[in-house]
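The values are calculated or read from the model by the stated rules, or taken from the named source; none is laboratory data. Fair warning: this is a prediction, and the values are worked out from it, not measured in the lab. Note: ideal-geometry Cβ built from the backbone for every residue, glycine included; neighbour counts use all protein chains shown. These accessible areas exclude ligands, DNA and RNA; they are computed on the full protein's heavy atoms, side chains included. Shrake-Rupley method; radii C 1.70, N 1.55, O 1.52, S 1.80 Å.
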Amino acid sequence: MEAIKKEYWKDKANKALGISPEDARITKSYLIVAFAAILVGGLLGLLQGMNRAGILELPVWLNYYKVLTAHGLLLVVVLSAFFTIGYFYAGLSHSLGGLLPKVRKMAWIGFWMKIFGFVLAVIPILQGDASVMYTFYPPMAAAPMFYIGLVFIVLGVWMLAFGAFINVANWRKNHKGQHIPISFFAMGVFVLLFFGSLPVAIEVLYIIPWAFGWIETINVMVSRTLFWAFGHTLVNIWYMTAISAWYVFVPKIIDGRRWSDLLTRIVVIALVIMNITGGFHHQIIDPGISESVKYMHVFMSLAIGFPSLMTAYAMFAVFEKTARKKGGRGLVGWYKKLPWGDVRFLAPFIAMAAFIPAGAGGIVQSTNQLNQVAHNTMWVVGHFHLTLGMTVVMTFFGVSYWLVPYVSGRVLTKEINKLGVIQTIVWTIGMVLMSGAMHWVGLLGSPRRTSYSTYFDNATALSWDPYLFFLAIGGTLLMIGVLLQVYAVFHMMFLAPKGETEFPVADVEEDATPTPMWTERWGLWIVLMIGLVSMAYVIPLVDFIVNAPPGSPPFKTW
Ligand code: HEM
Ligand SMILES: [Cu+2]
């Protein structure tokens, strides 16, 4: 009895001070891994940029494709997943009154499974036996240990997804009829993470016996399709994580209110249901896929643009409304009333603005004729550094300025805020230069995933040089940005003055319509999603298997 009482008061005291130490430790660990990944990954990116510009010749032991594989994996698999999980677990802990002890345990098991899997995958990369890049397309084959590592990473992700489901279900049982905005996003993200990683898990289980040599050949079309059913979903998981911060936290930072809860939920539901079915837009020029199937996937990809437009509308409506309440005037003059000097607003704002050209580039790539021009050129690399490296990662940076002090029990100081503003500007200029140069040089034909070559001084190839030089300048600025950001996180984690930092959830408008309960019917959304996924994948996959092209033995192309 005494012990229970003590626990209770300890819990209460922790509540008053914010997150419980156990929950804080989980998020802190995930964030430390995420920012360590960007530090190493950024450095590798800079090496690539320097190489592409012809400034730096990589030594033989540090081959370009090895570096590229590690860069992709660190940033795509490690940084984004670890940040997303650390962030949503802090959100769940805050809004659900702490994580359940069982869920905490799952979060740790998942953490170590992911780390273990990553170590297994990195060893063959370092040994030069797995330069297959993060997409690991057959018929390129890595050492089996690489794929076994991937299995552990996926299992770790499932652990965390189920942890989140258990915690949310438990809360809902005890709080019938109530809503929490951040856990709605968390549900959407973890549902997509689980269902989106099923196809890649199947793919990896198919590759492993082939990599060991137990089966001689592999169906390349099936494995590519399984990969992109996952890869394309991952893109929207990042996107949904970023917009969760825009909808839920940014309005609070600017002293505004949240836009319609119903609209927010419709955006999440639309992304969950429609997303996985866009995978073939990454295979527009793959042979063997019928036009009608490609057409359907492109249609679904463009349908995803609709919730994005709703988001853009909602965000700017919140900005204008808040600024006008503070006395902002004029058609656009109200923008002066927004807190531009606050990095927690500035970074996500620029991230949103970057999504306008980034999204437009995505529409270009989804269009068959235009895809022929851009496919596998540096244009694509420019596109995902704008979407992921700018829209998503810069939102993560903005979030870090309150999330890190929130979990470390410290505060954001004026100096670090200023450093953050400088970091945001450096990152913006760096990314505009780098991704601008990438887009342009891609249109001139410079291929992606290719180390420096003048192709025997071919005139076209030589004409790429000035753009590649800008790419390297942008990359250098970005590396400075990485160092500033990692320092800021380190400071907020370990050095900043102790104090209380709020978890900034904005309220809805006073006259907002109540959120209808039907939005919580996750079972129905999942059934609809599975229906659409079947419609999009069953016919082509059956076709690839029944009318299979000759299988391929493993190749080591590097
Ligand atoms: C210091 C910052 C960065 C620099 C200088 C940089 C530079 C580069 C360069 C030069 C390439 C290779 C292009 C090629 O040969 O195809 C590349 C690829 C890539 N980058 Fe970055 N990057 C940076 C940050 C990021 C960030 C923050 C992300 C995502 C969160 C990211 C994700 C990727 C991905 C997914 C690839 C493709 C890998 C592949 O094709 O297999 N990069 N980057
Ligand atoms: Cu996609």
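Worth a mention:
- Those residues of region 350-391 which are among the hydroxyl-bearing types (Ser, Thr, Tyr), assigned to a helix (DSSP H, G or I) and away from ligand 2 (no atom under 13 Å from the Cβ), in sequence order: THR391
- Restricting attention to region 451-468, the residues being closer than 22 Å to SER131 by Cβ, open to solvent by 70 Å² or more (accessible area, probe 1.4 Å) and under 34 Å from the mean Cα position of the chain (by Cα) number 1.
- Hey, ALA472 in contact with a Leu (Cβ under 8 Å, 6 or more places away or on another chain) and open to solvent by less than 10 Å² (accessible area, probe 1.4 Å) or not: no
- Among the residues of region 159-178, not a single one is out of contact with any Asp or Glu (no Cβ under 9 Å at 6 or more places or on another chain), under 26 Å from VAL67 (Cβ atoms) and crowded, with 16+ Cβ neighbours inside 10 Å.
- For ARG224, the requirement of being touching a residue at least 24 places away in the same chain (Cβ under 8 Å) and either within 16 Å of ligand 1 (Cβ to nearest atom) or closer than 30 Å to TRP112 by Cα (or both) is met.
- Total residues in region 203-229 satisfying the condition of being closer than 23 Å to ILE284 by Cβ and open to solvent by 10 Å² or more (accessible area, probe 1.4 Å): the figure is 7.
- Looking across region 487-503, the residues that are crowded, with 18+ Cβ neighbours inside 10 Å, in a loop (DSSP other than H, G, I, E, B) and under 26 Å from the mean Cα position of the chain (by Cα) come down to THR501, PHE503.
- Residues being open to solvent by less than 10 Å² (accessible area, probe 1.4 Å) and either without any contact (Cβ under 8 Å) to a residue 24 or more places away in the chain or in a helix (DSSP H, G or I) (or both) - total across region 247-263: 4
- So PHE494, is it more than 30 Å from ARG25 (Cβ to Cβ) and of a type in the set (A, V, I, L, M, F, W, C): no
- Residues in region 324-344 that are part of a helix (DSSP H, G or I) and in contact (Cβ under 8 Å) with a residue 40 or more places away in the chain: LYS325, VAL343, ARG344.
- When ALA169, ALA142 are checked against the criterion of being touching a residue at least 40 places away in the same chain (Cβ under 8 Å) and at negative phi, a single residue qualifies: ALA142.
- Residues located in region 525-552, provided they are part of a loop (DSSP other than H, G, I, E, B), open to solvent by 50 Å² or more (accessible area, probe 1.4 Å) and in contact with a Ser or Thr (Cβ under 9 Å, 6 or more places away or on another chain): PRO550
- Annotation note: of SER290, SER308, SER301, the sole residue that is farther than 25 Å from PHE194 by Cβ and at pLDDT below 90 is SER290.
- Scanning region 179-198 for residues that are part of a helix (DSSP H, G or I) and open to solvent by 20 Å² or more (accessible area, probe 1.4 Å) turns up PRO181, MET187, LEU193, PHE194, PHE195, LEU198.
- Residues that are within 16 Å of ligand 1 (Cβ to nearest atom) and surrounded by fewer than 21 Cβ atoms within 10 Å (Cβ to Cβ), drawn from region 134-158: TYR134, THR135, TYR137, MET140
- Every residue from region 45-64 that is near ligand 1 (Cβ under 9 Å from one of its atoms) and open to solvent by 30 Å² or more (accessible area, probe 1.4 Å): LEU46, LEU47, MET50
- Region 318-339, subset closer than 30 Å to ILE269 by Cα and open to solvent by 20 Å² or more (accessible area, probe 1.4 Å), residue farthest from ligand 2 (Cβ to nearest atom): LYS321
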